[in-house]
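Below is one structure, written out as structure tokens; the observations come after it.
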Amino acid sequence: MNTPTRSTNRSRIGVLLVHGVGTPAHSDTLIDFGQAFVGWVARWQQGRSEQPAYGHAALNFTPYDGGSDHPIPYAEFRAPPGPRDPVAPIWVCAEAWWASSARPLAFTTMVAFSLRYLWSLLAHLILGLGHRASRLQPGKQSIHDGNFWYRLVDVLTSAAHIFAYVLVGVTGYAVLLPIIAAAQLPFPPLQNFMVVAFFRIFLQYNASELLVYCEDEIQAANMRRRLAEAVGWLTRPAADGGGDCESVTIIAHSGGAWVAHGMLTDDTYAWAHARVRKLITLGCGLNKIWEIAPPTLERLYRPIEGSIYWLDFWGSYDPVPAGWMTPPRIGRRSLRSFMRLEPDLRPWQCIYKPDPLLSRRHRMEPRSDPLPPLELAGSPGARAPVPPHARAPTQPPSPGLVKMYWPDSVRVINRMDALTDHGGYFTNDEEVLRRVAAEIQADVYTESIFWDPADARLDDAIRTRRSRVGVLAAARLLGLLGGVLAAKYLGGAAAAYVAGIGPIASLLSAAREFLLLLTAAARMIASVASIGAWPVLGGAWNGVVTLPSGYRARGSGWSSCCCGLPARPSRALSG
């Protein structure tokens, strides 16, 4: 695309909202994200007896990707002026919509991917359990952690999530795989069974964008194009029909983070890189795409460079990032380092290269490991946030590794629940929404009118929220324990009573007939398969018997087959 002209209007601040994986409708991201971030500022104003003011808005509900000429949804909000603002700035919030810019992959491909994703998630949960247990020790908690009982509930909740993932995973696949097999039968009512339809929609449309972005270069380029066009519109002068903003802050959730990263590292859109001042990622999906992508896919590991400040929020129980941002290392791991007999000295992929002026202004420091430093709790009177140079590392620096810059990493507590944590960033006023508003309003968030580092209420509010969430998590654990005990001692009698109710009895009878049908279908498939297996086994046996003679007569036959090349027929086989 041609480089669009750029506005010089500093009184208008561009905010580009990027959704994650799934099938959100056009303008859904603008409405949902905008209500969260702008809504927090409006509540802040109302608390000071100020009236929020909104400007123009234009929504678009096109259900498909209309190409490069589609209108971009946007809404304007007049924010309160900061100490350095001569006039009240106008936030121009726009949406980069790419939900219908990818074609879903096959259902069976996504089922295989989900198995790999489950094991990866369990590994991260076990690692996180160790970090949570370490914070039970005196003096190891962060400045925002609650008392010992809160940290104990955090450990128990993490352990319960591991057990629940194993139980649900085993049960889910035990139910899903027979249903997939039954759906292959040429019986339309069975193929359209609602459970199969549900899993197909969830896996194909809510997760396949990840694999599409890895494996399909054309569709990946189309996703990046949608973001670049939105940046171009936001920074285009009003006379040319644009948003008339000098710079843009990108806020990307989940899988939108890898699309934003791709656009900001694609030389095709170098003009857009200069117009983006900040990238804020929530529940970043880069960890997941790095796990499945081959190391040769260079575009996924390019660093974001220049004057773009990168801030990453990750929830403790969010299953998508599953922890802080961790790119892969370069090279293969040695056996001794795998067995923990020696340190792993493989260099990390560099994903962030801020310019020196930006790193000094935001007080960023290079580290040899992506693990963010732990903000240790200070004395009772030291309530101000600990600056980066005073943070204690959670582990000693690895000798021999090059220090590099990493995105600013902020651990938050949403709901202590893996089912809702991924979307909990938009209701976390104390830890997420206030900080995002401050980042939009000021170059450095501590200079914003929304953030006063000397205000003790900031840290108190975060600790109070975490304690409140800890109480909810403890109640959830007690409820789960009560449910298990009730099922053990009262489950039989309750099931017998419920099964005797008329409508439920009819449903159970229909389910019984359906299971009988599945059993009969499985037996039929097994019979057909056993009949067809004999020719296959006979051919395999013939190959096993004749292979040694072929190898002796023409030795190149074995090596050619192993290399995947067509082997020349041996004398014994060609007669």
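The values are calculated or read from the model by the stated rules, or taken from the named source; none is laboratory data. Quick caveat, the model's predicted, so the values are computed rather than measured. Don't worry about glycine lacking a Cβ; one is built from the backbone with ideal geometry, like all the others, and counts go over all protein chains shown.
The table below lists the values:
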read-out: The stretch 340-351 residues that are closer than 18 Å to A293 by Cα, paired with ones that are not in a loop (DSSP other than H, G, I, E, B) (beta carbon under 6 Å, 6 or more apart); value: W348/R329; C350/M404
read-out: Residue count, the stretch 275-311 (criterion: in a strand (DSSP E or B) and buried (at least 23 other Cβ atoms within 10 Å of the Cβ)); value: 7
read-out: Flag if V21 is among the aliphatic types (A, V, I, L, M) and either outside the structural domain of V248 (by TED's automatic domain parsing) or at pLDDT below 85 (or both); value: yes
read-out: Selection count where residues are among the β-branched types (V, I, T) and surrounded by fewer than 23 Cβ atoms within 10 Å (Cβ to Cβ), scope the stretch 214-238; value: 1
read-out: Which numbered condition G423 fails, given (1) more than 20 Å from A79 (Cα to Cα); (2) touching a strand residue (DSSP E or B) at 6+ places or on another chain (Cβ under 9 Å); (3) not in a helix (DSSP H, G or I); value: (3)
read-out: Residue satisfying all of: in the stretch 323-339; of a type in the set (A, V, I, L, M, F, W, C) and touching a residue at least 60 places away in the same chain (Cβ under 8 Å); farthest from P373 (Cα to Cα) among these; value: M325
read-out: A230 being in contact with a strand residue (DSSP E or B) (Cβ under 9 Å, 6 or more places away or on another chain) and either within 29 Å of T8 (Cα to Cα) or assigned by TED's automatic domain parsing to the domain that holds A438 (or both); value: yes
read-out: Pairs, first closer than 22 Å to T23 by Cβ in the stretch 245-272, second part of a helix (DSSP H, G or I) and among the aromatic types (F, W, Y), C-beta under 7 Å, six or more apart; value: I251/F33; W258/Y213; M263/Y269
read-out: Any hit, the stretch 152-161, residues being out of contact with any Leu (no Cβ under 6 Å at 6 or more places or on another chain), at pLDDT 75 or above and closer than 30 Å to S27 by Cβ; value: no
read-out: Residues being over 22 Å from G262 (Cα atoms) and out of contact with any Asp or Glu (no Cβ under 6 Å at 6 or more places or on another chain) - total across the stretch 289-318; value: 1
read-out: Some residue of the stretch 244-257 being under 11 Å from the mean Cα position of the chain (by Cα), over 25 Å from M364 (Cβ atoms) and buried (at least 24 other Cβ atoms within 10 Å of the Cβ); value: yes
read-out: The listed residue being out of contact with any helix residue (DSSP H, G or I) (no Cβ under 6 Å at 6 or more places or on another chain) and modelled with pLDDT under 90, out of T296, T235; value: T296
read-out: Residue match in the stretch 166-183 (condition: under 26 Å from the mean Cα position of the chain (by Cα), at pLDDT 75 or above and part of a helix (DSSP H, G or I)); value: yes
read-out: Filter pass, Y64 being modelled with pLDDT under 70 and assigned by TED's automatic domain parsing to the domain that holds L17; value: yes
read-out: Of all residues in the stretch 321-348 being small (G, A, S) and more than 27 Å from the chain's Cα centre (by Cα), the one that is nearest to D421 (Cα to Cα); value: S337
read-out: Pick from the stretch 336-358, criterion in a loop (DSSP other than H, G, I, E, B) and at pLDDT 85 or above, ranking: nearest to D312 (Cα to Cα); value: I351
